[in-house]
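A quick write-up on the structure given underneath.
The values are calculated or read from the model by the stated rules, or taken from the named source; none is laboratory data. Since the model is a prediction, treat every value here as computed from it, not as a measurement. Please note: Cβ atoms are built from the backbone with ideal geometry, for glycine as well, and neighbour counts cover all protein chains shown.
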Amino acid sequence: MQEKTFEVPVPLRQAADTTGVQYHRLRKAAGDGRLAAQKMGNQYVVLLSDVQRFLQQGDRRRRPPDNLQGETAPPTFPASTPEKIVPQAKPALKPDPLKLARIITITAPKGGTGKTTTTLNLGAALAELGYRVLLVDCDPQGNLTLSAGIEASQLKSSLDSAIKHYMATYTPQIEPTIIKAPVGLDIVPSNIRLAGTADEMLINSQGVWVLQKLLRSVRPNYDFILIDTLPSLGVLVKNALVAAQELIIPHESEPLSTEAVAMMMKQVDIIRRSELNSDLKIAGILLTKVTKSKVHREVIDFTRDEFGKHVRVFNTVIERSVQFAEAQGLHKTILSYKPKDKGAQAYRNLAQELLYGSAAVKFSEADEELAMSEEHS
Ligand SMILES: Nc1ncnc2c1ncn2[C@@H]1O[C@H](COP(=O)(O)OP(=O)(O)O)[C@@H](O)[C@H]1O
Ligand SMILES: [Mg+2]
């Protein structure tokens, strides 16, 4: 007997981007029942197969029968909030050739805020849900490469060689550098040679676009590309900001890290206004290494009250735990090292927030109003 596969629902806007259908058409169909969709928080989520069915059926006004059962019944969506996540078995997602990866850069101009830890473990959490994930180590320290279980000094090819090749030939070729890491994720690794190459990028006329050009060809092969960065605002980070659609800013819940978050937000503003990447979005600020101390409480409140006015602050927080360093030492993700503990669960929650509650796919009031007016026209 063939095993049933579980399809993961996606936000309506993502479904529109993926299928190339106007968002408002899907929104309207979801509203009047022609498209089987489910409301989660302030947005609809749908199965891509339902969108395809809706499109094939010629957009006829039709409500799904109430008694959808057995073979044709759509799977129920995980009724999970960011706080309560239902762990899911690995679903087999069907690769969709039309779909391009969401490229997310994990960045903050301060060391030790949890960038590398977040890139690795968020990647693992998304992969656990069946998404195809590529990690990109854009830090010459190669911490992500090492954490993923790869000996950085032994690398024959890496991000560095792909960048060099691009600058010499203007031919993007990143596929040969991708390695299936021992942690089970695909990675473009890096080592210290990337630091020297960064100096060459500074004087190349195309220097800020290199990573964007390199990733273009592999975007259809993945659902998510997560870029880990070094703690600076130099040319490598600029590349990662130009290549990405979204950012996650890990914020070690301490006063100095608050400064770093503010700097990062200013930098994002510059990147947008300079039109290097005018659509760059902040998916969210992620509070990391959180303890119950008074200073952390104050920083968290400040972050939610002040930064939260302008950008999303993830509900999920990553608590401080020695298990992260232990997992790193063993070249494991927290999900494989302590799958049932809080740290693993927190990164699963973050993945869910990113999938179903990201500011990048949130309805704006204008969207809702337009959809309502369309519905009643
Ligand atoms: N939630 C956490 N609790 C405790 N230690 C953590 C946590 N997240 C990361 N670490 C540890 O802090 C150090 C710095 O984290 P890392 O992710 O490398 O930061 P960055 O990449 O921003 O410099 C590492 O030793 C890592 O194991
Ligand atoms: Mg790092």
key: Enumeration of residues in region 100-120 that are under 22 Å from Leu211 (Cα atoms) and among the polar types (S, T, N, Q)   = Thr105, Thr107, Thr116, Thr117, Thr118, Thr119
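Of everything in region 294-304, what is over 23 Å from Glu246 (Cβ atoms) and either touching a Cys at 6+ places or on another chain (Cβ under 7 Å) or free of Cβ contacts under 8 Å to residues at least 40 places away in the same chain (or both)? Give them in sequence order. If you could, list the steps in order and put the result at the bottom.
Filtering region 294-304 down to residues over 23 Å from Glu246 (Cβ atoms) leaves 294-299, 301-302.
Answer for region 294-304, where residues must be over 23 Å from Glu246 (Cβ atoms) and either touching a Cys at 6+ places or on another chain (Cβ under 7 Å) or free of Cβ contacts under 8 Å to residues at least 40 places away in the same chain (or both): Lys294, Arg297, Glu298, Asp301.
Of the residues in region 158-169, how many are farther than 14 Å from Asp139 by Cβ and either modelled with pLDDT under 95 or out of contact with any strand residue (DSSP E or B) (no Cβ under 9 Å at 6 or more places or on another chain) (or both)? Even if it seems obvious, please write down each step before you answer.
Initially, region 158-169 is screened for residues farther than 14 Å from Asp139 by Cβ, giving 161-162, 164-169.
When the remaining residues are screened for being either modelled with pLDDT under 95 or out of contact with any strand residue (DSSP E or B) (no Cβ under 9 Å at 6 or more places or on another chain) (or both), the result is 161, 164-169.
So the answer is 7.
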key: Complete set of residues in region 183-193 that are part of a helix (DSSP H, G or I) and in contact with a strand residue (DSSP E or B) (Cβ under 7 Å, 6 or more places away or on another chain)   = none
remark   = All conditions in (1) surrounded by fewer than 23 Cβ atoms within 10 Å (Cβ to Cβ); (2) more than 14 Å from ligand 1 (Cβ to nearest atom) are true of Gly329 except (2)
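Quick one: how many residues across region 132-149 are more than 13 Å from ligand 1 (Cβ to nearest atom) and more than 13 Å from Gly184 (Cβ to Cβ)?
1
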key: Flag if Leu194 is surrounded by 21 or more Cβ atoms within 10 Å (Cβ to Cβ), in contact with a helix residue (DSSP H, G or I) (Cβ under 7 Å, 6 or more places away or on another chain) and outside the structural domain of Ser49 (by TED's automatic domain parsing)   = yes
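Give the residue, chosen from Gly149, Gly234, Gly196, that is out of contact with any strand residue (DSSP E or B) (no Cβ under 9 Å at 6 or more places or on another chain) and in contact (Cβ under 8 Å) with a residue 40 or more places away in the chain. Even if it seems obvious, please write down each step before you answer.
Numbers: Gly234 fails: in contact (Cβ under 8 Å) with a residue 40 or more places away in the chain; Gly196 fails: in contact (Cβ under 8 Å) with a residue 40 or more places away in the chain.
Of the residues listed, the single one that is out of contact with any strand residue (DSSP E or B) (no Cβ under 9 Å at 6 or more places or on another chain) and in contact (Cβ under 8 Å) with a residue 40 or more places away in the chain is Gly149.
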inquiry  = Please go through region 278-325 and give me each residue that is away from ligand 1 (no atom under 16 Å from the Cβ) and part of a loop (DSSP other than H, G, I, E, B), ordered by number.
reply    = Ser278, Asp279, Leu280, Glu306, His310, Val311, Arg312
Lone qualifier among Thr288, Thr258, Thr303 - being among the hydroxyl-bearing types (Ser, Thr, Tyr), within 16 Å of ligand 2 (Cβ to nearest atom) and either over 21 Å from the mean Cα position of the chain (by Cα) or surrounded by 13 or more Cβ atoms within 10 Å (Cβ to Cβ) (or both) = Thr288
ask   = Among the residues of region 94-104, is any out of contact with any Phe, Trp or Tyr (no Cβ under 9 Å at 6 or more places or on another chain) and within 16 Å of ligand 1 (Cβ to nearest atom)?
value = no
request  = Looking for whichever is within 16 Å of ligand 2 (Cβ to nearest atom), in a helix (DSSP H, G or I), under 22 Å from Ile249 (Cβ atoms) and modelled with pLDDT of 50 or more here; the options are Gln328, Gln345, Gln352. Which one fits?
outcome  = Gln328
